[in-house]
Amino acid sequence: MPFVHRGRITEVISGSGRRTRVAADADALGFRRVLVLCTPGQTERAADISGLLGPAAVGTFTDAIPHTRVELTRPATERGGVAGGIG
């Protein structure tokens, strides 16, 4: 599955209570549909983030593996397609 990734300038937001602003941050970036990704050990946190995103959360992919080749990342990108695209 060929694809093109155009990176954006990275913004790191850190601080106590910042996750409660995830919906506002996604909106500020223009994201209307968000797929939440996490590793298997972080499913509760991903569920929390999905809840905070409300209707913008189109799904959760809980099998993420850090620093993987595209062959291992493909299931997440396919999930995004099934969800009608993200962003």
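Given a cut-off of under 8 Å on Cα pairs at least six residues apart, what relative contact order in percent is computed for the chain?
30 percent
Please tell me the relative contact order of region 31-82 in percent, rounded to the nearest whole number, where contacts are Cα pairs under 8 Å and at least six residues apart.
39 percent
Where does helix 70-82 land angle-wise versus the long Cα axis of the chain, in degrees 0 to 90, nearest 10?
60 degrees
Relative to the present Cα-Cα distance, how much length would full extension add between V4 and E44 at 0.36 nm per residue of separation?
Going from the current span to full extension adds 11.3 nm.
Coordinate-derived values only; no laboratory data. Remember, predicted model here, so these are calculated numbers, not experimental data.
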